[in-house]
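For reference, the structure discussed in these notes is given below.
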Amino acid sequence: MRFLKSLGKKDIDLVVNTGDNLGHKDAIKPLLDALSPLLSKPGVFVHGSNDYYAPELKNPFGYLFRPSASPRGDRVESGALVAGTLDTKALTAGFEAAGWHNLNNRSQEVVVNGSQIRFIGIDDFHIGLSDLEKVSASNQFTIALTHAPYMKVIEKFTSVGVSLIFAGHTHGGQVRLPFIGALTTNSDLPKKFARGVSGWSFGDRNSILSVVAGLGNSIFAPVRFLCRPEVRLITLT
């Protein structure tokens, strides 16, 4: 939390939040407090599964063989919350009240340091909340946000003319081995792209994907190995 607050001192034109902000049902207020210096800056965001559902106790080795399954239970839009779900509406309201743009299956024109950029985003593909039919770019420079970097999403964004894609979800593998790297991406993204910048081509269209390893981990698997937490500072020229 101290580290997040310290980022407010950076010369940042725009904050990009790719989801999975929460690890507990009581985390929203502490999160918004920790992010308060960044919430004073322009921002865009999409949600991940851990913005809808609290972490569940599960075997972490299961991630090595297949992407994790969707959390159990139904998300509640209003009223009482089902056990295991989070108050996503309160989280969203906190971000929107600060002026951050909600890109969950939405698009928005944003002026960043004097330049107009088109932003498009999808809700979490990993748990089936994305609507790729709503994805459309334009002739101007377009940036896309997705929580989970699945290949279908990368191809769709690239094919409509997106130049730069931001994603999270992978934790950079969270556990990496020397000479091998990440053991999983929890998606169908090749493991060598679990974190960092990579280039993609589909037909005659090209895009750049930036996957951030993120800062946290599940409270039930509180370990990182050879995969330091990160916030990524990117300069566009």
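Descriptive notes on the structure:
- For the chain, the longest piece that avoids every one of the chymotrypsin sites (Phe, Trp or Tyr not before Pro) found in DSSP loops with at most 12 other C-beta atoms within 10 Å covers 66-178.
- Span from the the stretch 189-237 Cα centroid across to the the stretch 114-179 one, whole angstrom: 11 Å
- Note that the chain carries a Kirkwood radius of 18.2 Å, evaluated over its alpha carbons pair by pair.
- Fraction of beta bridges assigned by DSSP in the chain that are antiparallel (%, nearest 5): 50 percent
- Charging the Cβ of each Asp and Glu at -1 and of each Lys and Arg at +1, and nothing else, the dipole of the stretch 2-211 about its Cα centre rounds to 600 debye.
- Residue range of the chain that is longest and free of GluC sites (Glu not before Pro) which are both DSSP loop and sparsely packed (at most 16 other C-beta within 10 Å): 78-229
Rule-based calculations on the coordinates, nothing more; no lab input. This structure is a prediction, so every number in the text was calculated from the model and none was measured. Neighbour counts are summed over all protein chains in view; Cβ atoms, including those assigned to glycine, are modelled from backbone coordinates with ideal geometry.
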